[in-house]
Structures are given as C-alpha cells and as structure tokens.
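Every read-out reported here was derived from the displayed coordinates using simple, explicitly stated rules and does not represent laboratory data. Worth saying up front: this structure is predicted, and the values here are computed from it rather than measured. Every residue, glycine among them, receives a Cβ derived from its backbone with ideal geometry; neighbour counts consider all protein chains shown.
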Amino acid sequence: MKTWLSSLVLTLVAVMVIGAYSATFIVDQREKALVVRFGKIQRDVDEPGLHFKMPFIDQVVRIDKRLLFFESKDKSVQVVDGRRYLVDTITMLRIADARRFRETVEANLSLARRRLETRLEAALRANYGKRTFDAALSEEREQMMREIGDELRPSARKIGIEIVDVRIRRTDLLPDVLQSTYDRMSAERLAEAEQIRAVGTKQSLTIKAQADRKAVILESEANRDGQIARGDGDAKRSSIFADAYNKSPEFFAFMRSLQAYRKALKGDDTTFVLRPDSEFFNYFGSSSVIPQK
Amino acid sequence: MPWNSQGGGGWQSGGDGGGPWGRPPRGGGPKSTPSDLEQLLKKGQDRLKNFIPGGNSRGGSAGIWTAIVGVIFAILAWNGFYRVQPDSVGIEFLFGKAEPGEVQPGLHYVFWPVETVETVPALRQNETRIGTITSGQQDNERLMLTSDQNIVDMEFTVLWRITNPHDYLFNISEQEKLVRVIAESAMREVVGRTKGEVVRTTGRGDVQDAVKQLIQTTLDNYGAGIQLASVNVERADPPESVADAFEEVQRAKQDQAKFIEQAKKYANHRLGEAGGKAAQIREQAEAYKGRVIAEAQGASQRFLKVYEQYKKAENVTRKRLFLETMEDVFGQSKKVVIEEGAGSGVVPYLPLNALKGGQVSSPGGKVSNGSASK
C-alpha cells in the first residue's frame, strides 16, 4: 500500500515538475522573446528573467538583442573611370522590432541577410559608380559608409532591423589589375635602383677623373720644375765654361780640337791616308832634321 | 539555440565561422548558457524517471527517499559551486537576468538552477593578430592598398582588454571576431589614405595611432566595453612578388657605395703614385743640375790649370800637346802614307775595304787621295 502511495506521489510530483517547466521560460539578458500561440504572436517580452506561458501550447521565439554583424565578401563594383574592384563590407545591425522581424522574415537571420545584401550591393554599386577610386579609397570613404548605411536603412526597417552602420573593409584590385600593379611597383623600384647605380657610377668616374687630373698636374709640375732645374744647371755650366774659356779663346779652340780628335778618332779601326808633308811628318823627311837658320 | 530549430541554421551561408547564435561564444566567453541549463534539467528528469521504477520494486522506501534527496543535493552542489579563474570575473544571473556587479576570482556558490554564472576574462590582455603569414588566411587579408595605389603587406596586432564585462557580454556578439573585423577595416582605412612609402618607413607610428583611435571610437560607439592598449604594426613590407625589386634598390645602394669606395681606392693609388713620380722627376732634375755644374767646374778648372802652364811656354807646350794627341790617335789606327808624286799618272789602287773597316780620314783637311791633287 505504502509503496503504491509513494509511487503515486512521485508521479504527481513529476507531472507537476514537467508542467511547471513547460509553463515557464527564461529570457536571457542578451535576448528578447516572443510568445507565439499557434503561429500568432501573443506578446513580446523585453525583460530578462523568469516568465510564464501557457504550458504545451505557447512557443517561445528568442531574438538576440546584441549588436550583430555579417560580412559580405568580394562584391564587384565599378568606379567612375570604369575600373573594377572587389569590395568587402561588414554590416552592423540590431533587431529593433522583434514582431516585425518575426512577421516578415520568420525571425530568420539568413533570410534577413539575403534581403539586405541585395539592397547593399545596389547601394555599393551606386556609391562607387559616382566616385573616382582615389576618393573611394581615402577621403570619401567615411561619407560613403554613411551613405550606404542610409540607403540600407529603410529596407532594413521594414524587416524590423536597425542598421547601426556599414563598414567598408577591403577594396581590392581584381587579380589581373593586381598583377599589373605589382609589375608597375617592380618597374618603379628597378628604375630607382638603376638611378642609384648611375649616381654611383657617376661619382666613381668623377672621383677617378679628378684623381687622374691631379696626378697629371702633379707630374707636369714636377716636369716643369725639373726642366727649370736642368735649365739652371745648363745655364750655370755655360757661364762657368764661358768664364774659363774667355781667358784665351784661341787656346780653348786648340785644346778642344785636340780633345775632340782624341775622342773622335779613337780605336784601331780607323785608317788614315796621310801625306808625308803634313805637320805630323815635319821631321819625317831627311832634309829638315837639322834645324834651318 | 532556439533559432536553429526554426530557421535552419544561422545566416552564415558563406561557411564562415559560427554565428552569434547557435553556439556559445568561443574563447573566453561565457561558460554556461540557458541551453545547457535546459539540457541539465532534462537530464535530471530522465534520471529521476529511471530511478522511480527501481523504487517500485518494494525496497525500503525511506532509503529511496534518502537516495533521491542525496542525489538532488549532489547535483545542486555539483552545479552550484564554481571557480572564477584569476584572470576573469564572473557575472551571476537570476533566471537569465544579469545581476549587477562582478564576482572576483575564487571559489563561489550559486543556487543552481535558479542562479547561473558566466565568466569573462576581463583581467587578461587579449591579442588579436591580423595578417600573420602562418594564419592560413587567404593572402588578401595581408595586402592593403595605399593612397598612391601601391600595395603593402601588413601584419599587426591589437592588444585590448575588457573594461566593462556587462557591455562586453550583452551589447556585442562574436566579440573577438568583431575586434578583428573592426581592426582590419580601420587599418585599411588609414593605410588607404597614406602613401605606401610612408606606411613602410617613417609613418608607422602615425598609422598605429590613427588606427588605435579609429578602432576605439568605433567600439565605443557600439558600447563594446573594450579598451585598446595598443596597436602594433609588426610588418609593413612590399608584397612578396615585388620584394625582389625592393631588394634590388638595397643592392643598388650597396653597389653605389662600392663604386665610390673603389674609385677612392683608385684615386688614392693614382695620387700616391703621381706624387712619388713627381718627387722622382724633381730629384732627377736636381741631380742633373748638380752634375752638369760640377762637371763644368771641373772641366774649366782643368782648362785653366793647363792654360797657366801653356802661357809660360806657349810654343813648346802647343807642339807637345799636338804631338801627344796625334801619337795617341795614330798609335791606335791604321795608316797609309802616300808620297807626293808617287804613282803619278796612274790611279793608285787603294782597297779601302780590304783595309778593314770603311773609315777613311784625312787629317789636315787636305785630300790625300792619290796624285790627283797637284
């Protein structure tokens, strides 16, 4: 009996626990909730905490209150001069109107995202299409992000979403443009390298030429000084000789002649053809051995 | 989470990491979530159900009750006690509603399942690194366009900490990824308005400051509860495919220095040589000068000495000098003496070549070639 009773109590407790569990729900700090009965929204719950609902009948749809974002990658855009780029964006949003969000896109974020992206691509194209690339890349970037966000906002509001902002992350060149950019960068650097080398060569040649010039001048000056010195020497020599020989020009001529003969007619390979009446043979004949008076 | 059951997956159709819902945030994110709580409750129910039939088989019912109460207490204690790591703080929830204030590191207790707790690594410095080569990310995360349409290969880190755990948990989703995308977007924006050369060289500090400012402003707008410590540019290089051309510039600079050094070497050598040669030329000239003067002095002195004696006996000396000279000259050479008139009428045969050597001289200036004279 007692065991029967106790199992009845246990069953009752279990049923109560399950019922209580089904009649309550917890809304997290990060969430809002919609109470849905047979597909119809009964009420929305903004406050986190413990809430009650009709057990087994009401369903709870939870919706994130936090800042959410999605990335849209590699959207192709064209700027004013016709060049094409790939753009990455990040869309920051919050779900502002949970009811509408549930009604329009079934509280389904991927569906909402698809709707928004169509609009986003159009806004991107329009915004890039009226700007030059330089402007889009730098000075008007912030303004563009603002404008794109503004264009997205009305259609987002229709599905209960508040666009916080749209950020442009990357603006990339298409692969073939990228390659030609690399080529240009390389060419620029190689030109710079050549320029540097040319300056080096120029300076090198200048230094060498200057050295050559200085060397030639040094040697020439030395030669000049040398010639002057030699000239001094020669002049001095002349004057010394002149001083000496002027004492008797006749004797000098005689002496110098003798010296020249000695020098010029040296050696045994000279053959003289002489007449016996030359001065050397003065006494060679017999007649004049005894001096004549 | 609830969304998944209706929506069929998050919106990450691109196959990118987990969405903000469907998975508890990773890394230092919350440790338990309402979904865990529900699962635990269900598990507890299952356990209870399994236990009851065992109780039916007439054991001591008091023992059963004791066991049930014991198990319940064990579960409560097991789930109630929690530890907050030294680098974290905890936030307690009462039925999913966050309670103000933070729980400091240490061992704590909550009245589970009414209360739950999540911990946030608020005392830790987080590092988000963007553009790492080894990160396996596609290349274009690293490559950034500069204002002059050049490309730099960037790697940078963002150091940040959570200053407001409540904001961090409740205002933003996918926190670490958010920091990453905001940081990349900010860096690209700043690089996009700076010249490539500046980004690579002198402008790094300015770029870092501007990016830090931009990220901080953006995060503050979102109420992220995050404070940036610093943004550090680890690498700002030319892209790999043009790296060689950039190195070529460095090589060219080396070459330039080399050319100049070589030229200086040449110049030093050349000037040294020229200096030496110049000195040599000068010395040789001086030597010549000295020599000719000395020679001249010697010769003139000799002449004067001879002249002095000559003056004393002019004729005799003159004769002697002449004869001595002739003696020397004739003594060493061949002579042919032809008597005047000899062989007159005939042409004397004079085989000069046979007389060895072709040198024929006639002193005295008179032609002594045979009898042709006179």
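Remarks
- Per-residue HN-Hα couplings for segment B:234-248 [Karplus 6.51, -1.76, 1.60; θ = phi - 60°; Hz; x = Gly/Pro]: 7, 8, 9, 10, x, x, 3, 5, 10, 4, 4, 5, 5, 5, 4
- All aspartates and glutamates inside 18 Å of residue A:266 as judged from Cα atoms, apart from same-chain residues fewer than 8 positions distant: B:324, B:327, B:328
- Summary of the geometry: segment A:187-243 and segment B:137-191, compared by the centres of their Cα atoms, lie 65 Å apart.
- 222 nm mean residue ellipticity, helices alone, for chain A (DSSP H n ≥ 4; -39,500 (n - 2.57); rounded to 500): -19500 deg cm²/dmol
- Entries of A:130/B:195; A:247/B:334; B:289/B:319; A:75/B:177 with Cα pairs more than 27 Å apart: A:247/B:334; B:289/B:319
- In sequence order, calculated HN-Hα J values of segment A:92-103 (Karplus, 6.51, -1.76, 1.60; Hz; x Gly/Pro): 9, 8, 10, 8, 8, 10, 5, 4, 5, 4, 6, 6
- Length-normalised contact order for segment A:1-118 - Cα pairs under 8 Å, 6+ apart - percent: 19
- Multiplying the residue separation of residue B:330 and residue B:312 by 0.36 nm and subtracting their alpha-carbon distance yields 3.7 nm.
- Contact order relative to length of chain A, as percent, for alpha carbon pairs under 8 angstrom and 6 or more apart: 12
- Long pairs among A:208/B:253; A:263/B:305; A:32/A:73; A:40/A:73, criterion Cα-Cα beyond 25 Å: A:32/A:73; A:40/A:73
- Computed from Cα positions, the angle between helix A:2-23 and the longest principal axis of chain A comes to roughly 60 degrees.
- Both radii come from the Cα set of chain A: Rg as radius of gyration, Rh as Kirkwood radius; their ratio Rg/Rh reads 1.88.
- With Rh defined as the Kirkwood radius, the inverse of the mean 1/r over Cα pairs, the Rg/Rh of segment A:43-151 is 1.15.
- As a proxy for reagent exposure, B:146, B:157, B:163 were ordered by neighbouring Cβ count within 10 angstrom, fewest first; the result is B:163, B:157, B:146.
- Taking 7 Å steps out from each Cα toward its Cβ at residue A:177 and residue B:67 produces label points 7.5 nm apart.
- A Gaussian network model of chain A, with springs between Cα atoms under 10 Å, assigns the largest mean-square fluctuation among A:40, A:75, A:32 to A:40.
- Helix A:175-245 and the long axis of chain A differ in direction by around 20°, with both axes built from C-alpha atoms.
- Think of each Lys and Arg Cβ as +1 and each Asp and Glu Cβ as -1; about the Cα centre, that makes the dipole of segment A:1-60 roughly 240 debye.
- For segment A:1-67 and segment A:120-143, distance of Cα centres in Å: 50
- An ellipsoid equivalent to segment B:61-212, defined through the eigenvalues of its Cα gyration tensor, has semi-axes of 50, 15, 12 Å when rounded to whole angstrom and sorted largest first.
- Helix A:109-129 and the longest principal axis of the C-alpha atoms of chain A enclose an angle of approximately 40°.
- Whole-Hz ³J(HN,Hα) from phi, Karplus 6.51 cos²θ - 1.76 cosθ + 1.60, for segment A:45-57, glycine and proline x: 10, 9, 7, x, x, 8, 10, 10, 8, 6, x, 6, 9
- Segment A:38-95 - percent relative contact order, Cα under 8 Å, separation 6 or more: 31
- The chymotrypsin sites (Phe, Trp or Tyr not before Pro) of segment B:72-161 meeting both criteria, a DSSP state outside H, G, I, E and B (loop) and at most 16 other C-beta atoms within 10 angstrom of the site's C-beta, are B:111.
- Kirkwood-based Rg to Rh ratio, segment A:141-284, C-alpha trace: 1.82
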